[in-house]
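Novice: Below is a structure I'd like to ask you about.
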Amino acid sequence: MAYTPMIQQYLSIKAQYKDAFLFFRLGDFYEMFFEDAKRASKELEITLTSRDGGGNERIPMCGVPYHSASAYINQLIEKGYKIAICEQMEDPKVTKGMVRREVVQLITPGTIMEGKTLSEKQNNFIVALSMFDDRSYGLAMNDLTTGENRLTIVSGDWDEVIREIDAVDAREVVVPPDLPEQHAKRMRQQLDITLSVEAETDVHESFRPLTEKLDDDSSILAFGRLLNYLLRTQKRSLDHLQPVEVVEPNQYMKMDVHSKRNLELVETIRNKGKKGSLLWLLDETATAMGARKLKQWIERPLVSRQAIAERLQVVAALKDQFFQREALREELKGVYDLERLAGRVAFGNVNARDLVQLKKSLQRVPGIVAVVNELEELPVQERFGRLELCESLVALLEAGIADDPPLSVKDGGLIKDGYNRQLDEYREAARNGKDWIAALQMREREETGIKSLKVGFNKVFGYYIEVTKANLGQIPEGRYERKQTLTNAERYVTPELKEKEVLILEAEEKMLDLEYELFLAIREQVKTYIPDLQLLAKQIAELDVLQGFAVVSEERQYCCPEFSRDREIMIRGGRHPVVEKVLDDGTYVANNFEMNRERNMLLITGPNMAGKSTYMRQLALTAVMMQVGCFVPAAEARLPIFDQVFTRIGAADDLVGGQSTFMVEMLETKDALAKATEHSLILLDEIGRGTSTYDGIALAQAIIEHIHDTIKATTLFSTHYHELTKLGKTLDRLVNVHVGAMEDEGRIVFLHKVIEGAADESYGIHVAQLAELPDEVIARARVILKELETSSQAAASVQDRRSEERDLGKQLSFFVRDSGGHPKRKAMSEKEGQLIRKLQTIDLMELTPLEAMNKLYELQKMVDEKG
């Protein structure tokens, strides 16, 4: 098909970017053709049209204006698409033939540098995955807006990879070409993420300094995949990239995707918003850098006692010294986003207003240092009292950049008077010329007597003298040269005006060019300060988070937690921090926790809505708060350091993955049983409710016994199965507790107080009454409940006898008696033979506790079916 040269050019470039929308520059528009046009018109809700491209049919086409393209790009990025920006590399006015075009940048969800999709309070990480073997993976991470680089080696199953990617809330993952499809499918399903492919892993010599902390070739190659993808897509300077920081997973408390969701650490389950999460509660930061750091800390709580203690020490100092803390907050409020400003400088898209923000931010640093050095705690002064002041950079920006520059960097007004002598001369010539023009207008009015005479300017004709037609007779003959005739006026020039026009326009043109050159030179000088700015940003971000912890701790009356050594948990007056803030009326009922090595499982019973789940989450959130370095919501608290937190709270089908509520429940429980240690915290809520009652009870009891006997982790297990409370007599480290409730005139009243012992009843009908089910339904339910309880009690003794007889019969059915009355083994039936053969195929040593329980359940069903 004979397409036009322009369409052929488009197709050749598009072939290199098949997984991206190609924004093809044509004049003042970015155009899209063929399938790109069809898809973009739907996604962006813009008109789909067509054009002749030289083929047999018209080509689908749509476009967006060049000057407003960023809004459309952001819309596509939000939906997970990539955009290849193809620019005209030559001036069409002076080029003969086809204009040369090239892709100058590939914008992806993980590499976007500006726009509404970029949250100032959240990092925008892109992750590159490398597979070393079946159970070892390298994950390199980068936030292009700040230049941060990290690398972590993950050992274990694919769930560990998913957990690490989720931990940084990545929007894009770069994978090797040979990634198994099942892995790619799981990432898309569980993380809703954009996948990209990069094969190249070699690190160019110029970037080797970034890998100085990496001690093996595998780690360097893992980072190399990420680096090559960034270089290939961005096609510009990456001077702001920071040395790779090695992140050891064992340095942090581990939480899988489900646990973070169940605890609502950074977003709520219901509406996926920040309000109502732990992040919302703790965010009293004054800077965007601090807000991002806070989110990082919450998603990765520490396990180092020393590191936690150092943070708590700073919080304590700031909490106790109100005036210094308030002074610090005021200084921090004047600090802009140093990390992202440094990134924009390196990327080449910083403008003069950004540099003014940088200057103002740096001017706040001496005040921050002064406040910190007023604090009484010497370790706090040592940590934050020696911040880099960047005084020479402040001096450069103060001397060179105008205080209120325009947004555009090419329209002038960027550089201060006195910074450059040549620029001052051009400006003086331009100003004098314009003063001369104003004086000319006054003089001509006086000498001709024409009060409406004016001297004007336009880009086509330059400067002119304009006289209305009614006043043409007053012009002395030969005074002006005619230049342009209008409907109601004539325009003239004089030799002197022409001369001045040349001087003024030449001065203005040279002035704009020189200003832009001077601005670029200043920007290059600022680049040399990028490492200092990044270090300063990191220190200010940490200080900001800690002062925010101090604010929350004082306002909410939190206490400084103590560390326990023997897995002891002692909490007096503990509260769920988020629920308490939401209520915010003083009605929250505080509760205590007492657990230790000899008392490490709580079996929690009580009615729905009484607060069992809140009580369980309360302990986990308290532990997370301590391990990020914040005071905790209690009157007094002593806690161990947990290495992992596992939660199974709430119920939800995984419709995308095709899994029922019960299957999701079992999979999440499996993670806890397979990976928890005795230093972990396990929260299990209503395990087994997704199946039949007897199955549920059996599963719940088996899980409790396995955790108690084998894992020995600190565990909170809530249930409606009151049959399980008997375990308090057989499991020596399990304690029954319940959430109190009482009846008042037939209605239930929740006390929200956790009390030792098992609950007397479930109050299910009472809760239904609270939900205002129809009175006739409630009344009928009470009648049915009474009938069930009566029949159950009457049948209990009969059932016990039948059960004993049946069990005995099953035991003796394998034997018959000989003529002498002695038992002998009878001939085995076909059904019994099947059962025996089934037993022989089972390798007990290879089964997990849950798998063993399931096999036992299958065998039991076979016995029941065979009689």
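Novice: Let me know the Kirkwood hydrodynamic radius for segment 88-197, please, with Cα pairs as the basis and the value in Å to one decimal. All intermediate terms of the calculation are to be shown ahead of the outcome.
Specialist: On the way: mean 1/r = 0.0630 Å⁻¹.
Averaging 1/r across every pair of different Cα atoms and inverting gives 15.9 Å.
Novice: With N set to the residue count of segment 106-147, report its C-alpha Rg divided by 2.2 N^0.38 Å to two decimal places. All intermediate terms of the calculation are to be shown ahead of the outcome.
Specialist: Details: Rg = 13.0 Å, N = 42, 2.2 N^0.38 = 9.1 Å.
Compared with the compact-globule rule of thumb, segment 106-147 sits at 1.43.
Novice: Could you give me D for segment 240-341, from Stokes-Einstein at 4 °C and 1.567 mPa s, where the hydrodynamic radius is the Kirkwood radius over C-alpha pairs? Units µm² s⁻¹, please. Walk me through the numbers on the way to the answer.
Specialist: Numbers: Rh = 15.9 Å.
Stokes-Einstein gives a translational diffusion coefficient of 81 µm²/s.
Novice: Once you place label points 7 Å from the Cα toward the Cβ at GLU678 and ARG186, how far apart are they in nm?
Specialist: The answer from the label model is 3.0 nm.
Novice: On alpha carbon coordinates alone, what is the Rg over Rh value for segment 498-631, Rh being the Kirkwood radius? Provide the component values of the computation, followed by the final result.
Specialist: Numbers: Rg = 29.5 Å, Rh = 20.6 Å.
Reported Rg/Rh (Cα atoms, Kirkwood Rh): 1.44.
Novice: Please compute the net charge surrounding GLU284, taking Lys and Arg as +1 and Asp and Glu as -1 over other residues with Cβ under 14 Å from its Cβ.
Specialist: On the way: positive: LYS121, LYS274, LYS293, LYS295, LYS319, ARG325, ARG329, LYS333, ARG556, LYS581; negative: ASP283, GLU326, GLU330, ASP544, GLU554, GLU555.
Once positives and negatives cancel, what remains is +4.
Novice: In degrees, nearest 10, range 0 to 90: what is the angle between the Cα axis of helix 849-866 and the longest Cα principal axis of the chain?
Specialist: 50
Novice: Compute the FRET efficiency between GLN422 and ARG58 as 1/(1 + (r/R0)^6), taking r as their Cβ-Cβ distance and R0 = 45 Å, and round to the nearest 0.05. Could you put the intermediate results ahead of the total?
Specialist: Values: r = 55 Å, r/R0 = 1.22.
That gives a FRET efficiency of 0.25.
Novice: Quick check of the Kirkwood formula: for segment 417-461, what is the inverse mean of 1/r over all pairs of different Cα atoms, in Å? Intermediate values should be presented prior to the final figure.
Specialist: Details: mean 1/r = 0.0803 Å⁻¹.
Radius from the Kirkwood sum: 12.4 Å.
Novice: If Lys and Arg each add +1 and Asp and Glu each add -1, what is the summed charge of the other residues whose beta carbon sits under 15 Å from the beta carbon of VAL203?
Specialist: Details: positive: ARG208, LYS213, ARG225, ARG232; negative: GLU198, GLU200, ASP202, GLU205, GLU212, ASP215, ASP216, ASP217.
Charge balance in the 15 Å sphere: -4.
Novice: Per residue Cα convex hull volume for segment 504-556, in cubic angstrom? Spell out each step's value before the answer.
Specialist: On the way: hull volume 4.5 nm³, N = 53.
Cα-based convex hull of segment 504-556, divided per residue, equals 85 Å³.
Novice: In addition: Going 7 Å from the Cα of THR528 in the Cα-to-Cβ direction, what parts of segment 338-353 have a backbone nitrogen less than 19 Å from that spot?
Specialist: 342-343, 345-348
Novice: Tell me, what % of the accessible area of the chain is carbon and sulfur with a 1.4 angstrom probe? All intermediate terms of the calculation are to be shown ahead of the outcome.
Specialist: Numbers: 20990 of 42530 Å².
Here it works out to 49 percent.
Novice: What length, rounded to one decimal in nm, is gained on full extension from THR693 through to ALA15, with 0.36 nm per residue of separation minus their alpha-carbon distance? Present the calculation step by step, with values, prior to reporting the outcome.
Specialist: Values: separation 678, 0.36 × 678 = 244.08 nm, distance 5.92 nm.
Gain on stretching THR693 to ALA15: 238.2 nm.
Novice: At a 10 angstrom cut-off on C-beta neighbours, averaged per residue, how do the peptides 40-48, 500-508 rank from highest to lowest?
Specialist: On the way: 40-48: 15.0, 500-508: 16.7.
Output ranking for 40-48, 500-508: 500-508, 40-48.
Novice: Follow-up question, since we're still on this one. Once you wrap a convex hull around the alpha carbon atoms of segment 343-397, what is its projected area averaged over all directions, in nm²? Spell out each step's value before the answer.
Specialist: Values: hull surface 17.2 nm².
Seen from a random direction, the Cα hull of segment 343-397 projects 4.3 nm² on average.
Novice: Tally Lys and Arg at +1 and Asp and Glu at -1 over the other residues with C-beta under 10 Å from the C-beta of ARG135: what net charge comes out? Walk me through the intermediate numbers first.
Specialist: On the way: positive: none; negative: ASP133, ASP134, ASP157, GLU160.
Its environment carries a net charge of -4.
Novice: Throw me the Rg/Rh for the chain, computed over C-alpha atoms with Kirkwood Rh, two decimals.
Specialist: Values: Rg = 37.2 Å, Rh = 33.5 Å.
Reported Rg/Rh (Cα atoms, Kirkwood Rh): 1.11.
Novice: Can you tell me the 0 to 90 degree angle between the C-alpha axis of helix 391-400 and the longest principal axis of the chain, rounded to 10?
Specialist: Computed tilt is about 40 degrees.
Novice: List, largest first, the extents of the alpha carbons of segment 277-402 along their principal axes, each in whole Å.
Specialist: The principal-axis extents, from largest down, are 46, 32, 23 Å.
Novice: Two-decimal Rg/Rh of segment 356-465 from alpha-carbon positions, Kirkwood Rh?
Specialist: 1.33
Novice: What is the extension gain from LYS469 to VAL197, computed as 0.36 nm multiplied by their sequence separation minus the C-alpha to C-alpha distance, in nm to one decimal?
Specialist: On the way: separation 272, 0.36 × 272 = 97.92 nm, distance 7.14 nm.
Extra length available between LYS469 and VAL197 comes to 90.8 nm.
Novice: How much accessible area per residue does the chain have, counting only protein heavy atoms and a probe of 1.4 Å, in square angstrom? List each step's numbers first, then the result.
Specialist: Working: 42530 Å² over 867 residues.
Result: 49 Å² of accessible area for each residue.
Novice: On to the next question. Under a plain spin-label model, where a point goes 7 Å from the Cα along Cα-to-Cβ, how far apart in nm are LEU856 and ARG572?
Specialist: According to this spin-label approximation, the distance is 4.3 nm.
Novice: Enter the angle in degrees (range 0 to 90, nearest 10) between the Cα long axis of helix 775-812 and the first principal axis of the Cα atoms of the chain, meaning the one along which they spread out most.
Specialist: Long axis of 775-812 versus the principal axis of the chain: about 50 degrees.
Novice: Which three semi-axes in whole Å describe the equivalent ellipsoid of segment 8-116, each the square root of 5 times a Cα gyration tensor eigenvalue, listed largest first?
Specialist: Working: eigenvalues 94, 61, 33 Å².
They are 22, 17, 13 Å, listed largest first.
Novice: Here is a further query. Which of the peptides 306-316, 403-413 is most tightly packed, and how do the rest follow, judged by the mean count of other Cβ atoms within 10 Å per residue? Numbers along the way, then the final one.
Specialist: Values: 306-316: 17.5, 403-413: 13.2.
Going by the mean number of other Cβ atoms within 10 Å, highest first, we get 306-316, 403-413.
Novice: Using 0.36 nm per residue of separation minus the Cα-Cα distance, give me the extension gain between THR710 and VAL460 in nm, one decimal. Please report the intermediate quantities before stating the final value.
Specialist: Working: separation 250, 0.36 × 250 = 90.00 nm, distance 8.80 nm.
81.2 nm is the gain from fully extending THR710 to VAL460.
Novice: If you don't mind, another one. Rounded to the nearest 0.05, what FRET efficiency do ALA399 and GLU78 have when you use their Cβ-Cβ distance and R0 = 60 Å? Numbers along the way, then the final one.
Specialist: Values: r = 41 Å, r/R0 = 0.69.
Working from the Cβ atoms, E equals 0.90.
Novice: Could you compute the FRET efficiency for ASP28 and GLU102, with r as their C-beta to C-beta distance and R0 at 30 Å, rounded to 0.05? Spell out each step's value before the answer.
Specialist: Details: r = 19 Å, r/R0 = 0.62.
Computed FRET efficiency for ASP28 and GLU102 comes out at 0.95.
Novice: Specify, per residue and in Å³, the volume enclosed by the convex hull of the alpha carbon atoms belonging to segment 472-539.
Specialist: Working: hull volume 10.5 nm³, N = 68.
That works out to 155 Å³ per residue.
Novice: Label-point separation (nm) for ARG597 and ASP513, each offset 7 Å from Cα along Cα-to-Cβ?
Specialist: Distance between label points: 8.2 nm.
The values are calculated or read from the model by the stated rules, or taken from the named source; none is laboratory data. All figures in this text were calculated on a predicted structure; none of them were measured in a lab. So basically every Cβ, Gly included, is an ideal-geometry build from the backbone, and we count neighbours across all protein chains shown. Each accessible area value is taken on the protein alone, full model and side chains, heavy atoms only, with ligands, DNA and RNA left out. Shrake-Rupley method; radii C 1.70, N 1.55, O 1.52, S 1.80 Å.
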